[in-house]
Amino acid sequence: MTDEIHAHPFLASPFVQRLAAPGQVSRGQAAKFARLYYPHIFRTRLYQANALGICPDERIQFVLGQIIFDEYGNGNIERTHPAVYRKFLKALDVPPSEWTLEPAFPELSLYIDAMMRLTQCGDWLAAVAAVGIASEWPIPKLYGDFLKGLRTVPGLIDDDLELFISHIGIDEEHSRLMREALMPYAESPADQARIRAGVRANLDARNVMLSGLYREVFA
């Protein structure tokens, strides 16, 4: 599964390659990215909560509950992941009036629709794989690449980029917990296929979303 995820084209998409290039992202482009990506950051925990709601396995529910607790700042409303992300918006002088939760480009709308459908009324094991593997396992590499370019944007310091930096460690731990919880389902070929289907659904939709981001930010 690791090789399949890391070989997925979304990790080598034009958007990722451009954002990973030091000195190739202007402050204006970074601000546009920050604004367009905010609705995605805001909704991640909602997909996880949906998957928890349809999951019948208490061990997996427990792990999803831990992940959601992290998303909500471990009990501190000022440290929710969207709140931490807003430091990025503020550092780039994006006015609060532009912190919209509505998707501003069609590919993000498609991603949201795909994830909502899967996690609300899809196969529960595919839904868990989509939020617990595909939304966690590749993120340390993805955000590590993002940081290569974002750290060279004029005026940004690491505290402004905390959301991306912190997720490298956080998502490694989330991935470990979810892999352990899913082990009982790793032996059945039928269940393996369900897990792969959920992972693929997320990553394919994410690849489309990143293609839209490339057009909006860099075209």
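Counting only DSSP H runs of at least 4 residues, each contributing -39500 (n - 2.57), and dividing by the residue count of the chain, the helix-based mean residue ellipticity at 222 nm comes to -22000 deg cm²/dmol. Each residue of region 126-141 was assigned a 3J(HN,Hα) from its phi angle through the Karplus curve 6.51 cos²θ - 1.76 cosθ + 1.60 (θ = phi - 60°); the sequence is 5, 5, 4, 5, 5, 8, x, 10, 5, 8, 10, 4, x, 5, x, 5 Hz, with glycine and proline shown as x. GNM on the chain, alpha-carbon springs under 10 angstrom: the most fluctuating residue among Ser97, Ser13, Ser135 is Ser97.
Normalised per residue, the accessible area of the chain is 43 Å², obtained with a 1.4 Å probe and no contribution from ligands, DNA or RNA.
Apply 1/(1 + (r/R0)^6) to the Cβ-Cβ distance of Glu4 and Asp93, taking R0 = 45 Å, and write down the FRET efficiency to the nearest 0.05. Mind dumping the intermediate values first?
Values: r = 40 Å, r/R0 = 0.89.
The pair Glu4/Asp93 has a calculated efficiency of 0.65.
Just order 190-196, 210-216, 30-36 by mean Cβ neighbour count inside 10 Å, highest at the front, would you? Mind dumping the intermediate values first?
Numbers: 190-196: 15.4, 210-216: 18.9, 30-36: 21.6.
Going by the mean number of other Cβ atoms within 10 Å, highest first, we get 30-36, 210-216, 190-196.
Extension gain for Glu102-Arg151 works out to 14.9 nm (0.36 nm per residue, less the C-alpha to C-alpha distance). Protein heavy-atom surface of region 16-174, 1.4 angstrom probe: 55% of the accessible area is carbon and sulfur, with nucleic acids and ligands not counted. Computed over the chain with a Gaussian network model linking Cα atoms closer than 10 Å, the most mobile of Thr119, Thr44, Thr100 is Thr100.
Charges were assigned to the Cβ only: +1 to each Lys and Arg, -1 to each Asp and Glu. The resulting dipole of the chain about its Cα centre is roughly 560 debye. Pair-distance distribution of region 1-55: all C-alpha pairs, bin width 10 Å, starting at 0; shares per bin in whole percent are 18, 30, 38, 13, 1. Grouping the Cα pair distances of region 4-110 into 5 Å bins from zero gives a pair-distance distribution of 2, 10, 15, 17, 19, 18, 11, 5, 2, 0 percent in increasing distance order. Looking at the chain as a GNM with Cα springs under 10 Å, which of Ser166, Ser188, Ser26 has the largest mean-square fluctuation? Evaluated over the chain, the most mobile residue of the options is Ser188.
Here the spin labels are modelled as points 7 Å beyond Cα on the Cα-Cβ line, and at Ser166 and Ala21 they lie 3.1 nm apart.
What does the extension gain come out to for Ser211 and Glu173, with contour length at 0.36 nm per residue minus their alpha carbon separation? Don't skip to the end; give the middle numbers.
Working: separation 38, 0.36 × 38 = 13.68 nm, distance 2.83 nm.
Result for the pair: 10.9 nm of gain on full extension.
Measuring from a point 7 Å past the Cα of Phe62 along Cα-to-C-beta, which residues in region 186-203 have an amide N at less than 17 Å? Counting only backbone N, you get no residues.
Please report, to two decimal places, log10 I(q)/I(0) for the chain at q = 0.09, 0.15 Å⁻¹ as given by the Debye formula with identical point scatterers on the Cα atoms and no solvent. With no solvent term, the Cα-only Debye profile gives -0.34, -0.97. Tell me the relative contact order for the chain as a rounded percent, counting alpha carbon contacts under 8 Å between residues six or more apart. Computed value for the chain: 36 percent relative contact order.
The values are calculated or read from the model by the stated rules, or taken from the named source; none is laboratory data. What you are looking at is a predicted structure, and each value in this text was computed from that prediction instead of being measured. Every residue, glycine among them, receives a Cβ derived from its backbone with ideal geometry; neighbour counts consider all protein chains shown. Note: accessible area is taken over every heavy atom of the protein model, side chains too, but ligands, DNA and RNA are not part of it. Shrake-Rupley method; radii C 1.70, N 1.55, O 1.52, S 1.80 Å.
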